[in-house]
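Trainee: Would you mind keeping the following structure in view while I ask a few things?
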Amino acid sequence: MTTEQREKNYKALYDSMKALIDNERDWIANMANVSSLLYHHLENVNWVGFYLMRDGELVLGPFQGKPACIRIEVGSGVCGTAVKEKKAIIVDDVDQFKGHIACDTDSKSEIVIPLVKNGEIIGVLDIDSPLLNNFNEVDKIYLEKMVRYLIETSNI
Ligand code: SME
């Protein structure tokens with residue numbers, strides 16, 4: 001997929017997300033619908049979901065895909081590392097990421113976007129792909145924009 005096609009897809013997804021969540025403030029409902037939207041409209045993804053900070057660790061939230069590990073410590077796996085380092089992480093090949101937590105053996109690459117409210121990390125958005133190298137900076141830019149909107153729009 002070209003960068004232009006990828007951007008066009010995300011712009012359409014951003015508008016669809018707004019239509020889905022603009023009239024609803026419930027944080028769980030909005031995360032559930034955003035995970036479904038991304039799961040069904042991003043190409044080559046096998047898992048899309050949220051992990052939320054609960055008493056200092058990440059706990060599984062709304063998601064689409066196979067059942068996944070429930071709790072992840074800060075600093076563990078890609079999700080916990082994104083929280084510890086307070087930044088989005090793109091993993092081109094999960095087998096090359098030390099400490100990667102394999103919930104679904106189909107997953108080959110992954111992107112994790114921290115959810116930030118008032119400067120604090122309140123969770124992450126995690127997306128897995130069955131293809132190597134499936135995510136790049138375009139995904140990061142647009143997914144960060146989408147989670148910012150989701151957080152601003154919802155009562156957390
Ligand atoms: N692979 C993640 C764990 C969550 S699953 O991908 C759904 C990680 O290493 O943090």
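The values are calculated or read from the model by the stated rules, or taken from the named source; none is laboratory data. Just so you know, these numbers come straight off a predicted model, no measurement behind them. Glycine gets a Cβ as well: all are built from the backbone with ideal geometry, and neighbour counts include every protein chain shown. Just the protein is used for accessible areas: all its heavy atoms, side chains included, with ligands, DNA and RNA removed. Shrake-Rupley method; radii C 1.70, N 1.55, O 1.52, S 1.80 Å.
Trainee: What is the residue count in the range 98-156 for residues that are of a type in the set (Phe, Trp, Tyr) and more than 19 Å from ALA29 (Cα to Cα)?
Mentor: Going residue by residue through the range 98-156, those that are of a type in the set (Phe, Trp, Tyr) are 135, 142, 149.
Within this subset, residues satisfying the condition of being more than 19 Å from ALA29 (Cα to Cα) are 135, 142.
The number of residues fulfilling the criteria is 2.
Trainee: Moving on. Applying the selection to the range 100-113, what residues are in contact with a Leu (Cβ under 8 Å, 6 or more places away or on another chain) and either near the ligand (Cβ under 10 Å from one of its atoms) or in a strand (DSSP E or B) (or both)? Steps first, answer last, please.
Mentor: Of the range 100-113, the ones in contact with a Leu (Cβ under 8 Å, 6 or more places away or on another chain) are 108-109, 111-113.
Listed by number, the residues that qualify are SER109, ILE111, VAL112, ILE113.
Trainee: Return the residue satisfying two criteria in turn: it lies in the range 90-99 and is at pLDDT 95 or above and near the ligand (Cβ under 9 Å from one of its atoms), and of such residues it is farthest from the chain's Cα centre (by Cα). Lay out the reasoning, then the answer.
Mentor: Quick first cut of the range 90-99, residues at pLDDT 95 or above only: 90-97.
In the following step, the residues that additionally are near the ligand (Cβ under 9 Å from one of its atoms) were identified as 91, 94, 97.
Details: VAL91: 13, VAL94: 15, PHE97: 17 Å.
Only one residue tops the list, namely PHE97.
Trainee: Quick one: MET31 ticks every box in (1) in contact with a Pro (Cβ under 9 Å, 6 or more places away or on another chain); (2) open to solvent by 60 Å² or more (accessible area, probe 1.4 Å); (3) among the hydrophobic types (A, V, I, L, M, F, W, C) bar one, so which box is it?
Mentor: Every listed condition holds for MET31 apart from (2).
Trainee: Suppose the filter is modelled with pLDDT of 95 or more, under 28 Å from GLN5 (Cβ atoms) and within 14 Å of the chain's Cα centre (by Cα); does GLY123 pass it?
Mentor: On the way: modelled with pLDDT of 95 or more: yes; under 28 Å from GLN5 (Cβ atoms): no; within 14 Å of the chain's Cα centre (by Cα): yes.
For GLY123, the condition - modelled with pLDDT of 95 or more, under 28 Å from GLN5 (Cβ atoms) and within 14 Å of the chain's Cα centre (by Cα) - is not met.
Trainee: List pairs: first residue in the range 23-35 and touching a residue at least 60 places away in the same chain (Cβ under 8 Å), second residue among the β-branched types (Val, Ile, Thr) and open to solvent by 40 Å² or more (accessible area, probe 1.4 Å) anywhere in the structure, Cβ distance under 8 angstrom, at least six positions apart or on different chains.
Mentor: TRP27/ILE156
Trainee: Let me ask you something else. Kindly provide the set of residues from the range 118-144 that are surrounded by 14 or more Cβ atoms within 10 Å (Cβ to Cβ), away from the ligand (no atom under 15 Å from the Cβ) and among the charged types (D, E, K, R), ordered by number.
Mentor: If the condition is that a residue be surrounded by 14 or more Cβ atoms within 10 Å (Cβ to Cβ), away from the ligand (no atom under 15 Å from the Cβ) and among the charged types (D, E, K, R), then ASP139, LYS140, GLU144 are the ones that fit.
Trainee: I would also like to ask the following. Any chance the range 3-22 includes a residue that's closer than 18 Å to ASN136 by Cβ, in contact with a Pro (Cβ under 8 Å, 6 or more places away or on another chain) and open to solvent by 40 Å² or more (accessible area, probe 1.4 Å)?
Mentor: no
Trainee: Here is a further query. Evaluate the range 68-90: report whether one residue or more is under 20 Å from ASN33 (Cβ atoms) and of a type outside the set (Phe, Trp, Tyr).
Mentor: Kept after step one, since they are under 20 Å from ASN33 (Cβ atoms), are these residues of the range 68-90: 68.
Now restrict to residues that are of a type outside the set (Phe, Trp, Tyr): 68.
Yes; the residues of the range 68-90 include at least one that is under 20 Å from ASN33 (Cβ atoms) and of a type outside the set (Phe, Trp, Tyr).
Trainee: Restricting the search to the range 57-89, which residues are within 9 Å of the ligand (Cβ to nearest atom), part of a loop (DSSP other than H, G, I, E, B) and more than 24 Å from HIS40 (Cβ to Cβ)?
Mentor: Across the range 57-89, the qualifying residue is only SER76.
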